[in-house]
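Enquirer: Sharing a structure below in structure tokens format, with a few things to ask.
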Amino acid sequence: MIIESILTTLDALGTANFAPMGVEWGEREIVIKPFVETTTFHNLRDTGAAVVNLTDDVMLFARGAISTARFPTLPAAVVPGVVLEAACSWREVEVRSLDATPPRARIVTAVAHQGFRREFLGFNRARHAVLEAAILATRTHLLPAGQIRDEFARLQVIVDKTAGPREREAMALLTEYVRTAPAGRPEPAPR
Ligand SMILES: Cc1cc2nc3c(=O)[nH]c(=O)nc-3n(C[C@H](O)[C@H](O)[C@H](O)COP(=O)(O)O)c2cc1C
């Protein structure tokens, strides 16, 4: 099962990087699959450690998807790394094996420590809709603009029905981003 997380890693100088990443979940082992051009991949390769942050604050996924975001953190307990203040819980992981075959690496990590900060509230359709919108925002260069527009319109209905202010704000940020993003693949010709 893939769980959506905010992965924090450090570069060799100790600068933190924040990236939304879907990880293959396991209690003892977590598999991370970053594209080889990402900072996350370079940091994992260079330092051998990461923190997998679980949060219900979808604003972090929205901002992480469209910008080089930075968020408040605390030091990790056992690996060189940082924990998000906004995390509900987290896993600190160490790299066990790394397959760097492009386009997407496969990095098997062992869970060295886990921590808990606050309750993860539960299912919410708007939060899932914002997650899907965040993923679409990372694919504007791959998908036809019409498809992105249609999917955003469908997801906006769900946000309008079930969101709180934070989800509405995150969706608005993503909508503005895709509205001005460079065009993706051309629309299919009408038949
Ligand atoms: C919910 C979600 C899940 C994502 N999962 C992955 C993933 O598993 N691997 C990956 O390379 N990018 C994934 N991305 C895209 C990265 O977050 C994005 O490319 C980011 O800019 C990489 O940041 P970095 O270069 O700072 O590591 C995901 C994005 C979102 C919104």
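Enquirer: Restricting to the stretch 57-82, count the residues that are farther than 17 Å from T109 by Cα and surrounded by 17 or more Cβ atoms within 10 Å (Cβ to Cβ). Give the steps one after another, and end with the answer.
Expert: Let us first name the residues in the stretch 57-82 that are farther than 17 Å from T109 by Cα, namely 57-75.
Narrowing further to those that are surrounded by 17 or more Cβ atoms within 10 Å (Cβ to Cβ): 57-66, 69, 71, 73.
Final tally of qualifying residues: 13.
Enquirer: Hey, another quick one. Of these, T39, T55, which one is among the hydroxyl-bearing types (S, T, Y) and near the ligand (Cβ under 8 Å from one of its atoms)? Give the derivation first.
Expert: Working: T55 fails: near the ligand (Cβ under 8 Å from one of its atoms).
After ruling out the rest, the residue left standing is T39.
Enquirer: Which residues, taken from the stretch 15-36, are part of a loop (DSSP other than H, G, I, E, B) and more than 6 Å from the ligand (Cβ to nearest atom)? Lay out the reasoning, then the answer.
Expert: Taking the stretch 15-36 first, the residues part of a loop (DSSP other than H, G, I, E, B) are 15, 25-28, 33-34, 36.
T15, W25, G26, E27, R28, V36, listed by residue number.
Enquirer: Just give me the residues in the stretch 94-109 being more than 16 Å from the ligand (Cβ to nearest atom) and exposed (fewer than 14 other Cβ atoms within 10 Å of the Cβ), in sequence order.
Expert: In the first step, residues of the stretch 94-109 are kept if they are more than 16 Å from the ligand (Cβ to nearest atom); the result is 94, 96-97.
Within the stretch 94-109, R96, S97 meet the criteria.
Okay, residues lined up against (1) modelled with pLDDT under 95; (2) in contact with a Leu (Cβ under 6 Å, 6 or more places away or on another chain); (3) not hydrophobic (A, V, I, L, M, F, W, C):
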site	(1), (2), (3)
A19	no, yes, no
V23	no, no, no
E27	no, no, yes
K33	no, no, yes
E37	no, no, yes
F41	no, no, no
D46	no, no, yes
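Enquirer: Quick check: anything in the stretch 38-49 part of a loop (DSSP other than H, G, I, E, B), outside the structural domain of P165 (by TED's automatic domain parsing) and in contact with a helix residue (DSSP H, G or I) (Cβ under 8 Å, 6 or more places away or on another chain)? It would help to see each step written out before you state the result.
Expert: Initially, the stretch 38-49 is screened for residues part of a loop (DSSP other than H, G, I, E, B), giving 38, 48.
Still in the running and outside the structural domain of P165 (by TED's automatic domain parsing): 38, 48.
Subsequent filtering for residues that are in contact with a helix residue (DSSP H, G or I) (Cβ under 8 Å, 6 or more places away or on another chain) retains none.
No, the stretch 38-49 contains no residue that is part of a loop (DSSP other than H, G, I, E, B), outside the structural domain of P165 (by TED's automatic domain parsing) and in contact with a helix residue (DSSP H, G or I) (Cβ under 8 Å, 6 or more places away or on another chain).
Enquirer: Out of the stretch 68-103, which residues are small (G, A, S) and either closer than 20 Å to D57 by Cβ or not assigned by TED's automatic domain parsing to the domain that holds L7 (or both)? Reasoning before the result, please.
Expert: Keep residues of the stretch 68-103 that are small (G, A, S), which gives 69, 76-77, 81, 86-87, 89, 97, 100.
Matches in the stretch 68-103: A69, A76, G81, A86, A87, S89.
The values are calculated or read from the model by the stated rules, or taken from the named source; none is laboratory data. Just so it is clear, the structure is predicted and the values come from calculations on it, not from any experiment. So basically every Cβ, Gly included, is an ideal-geometry build from the backbone, and we count neighbours across all protein chains shown.
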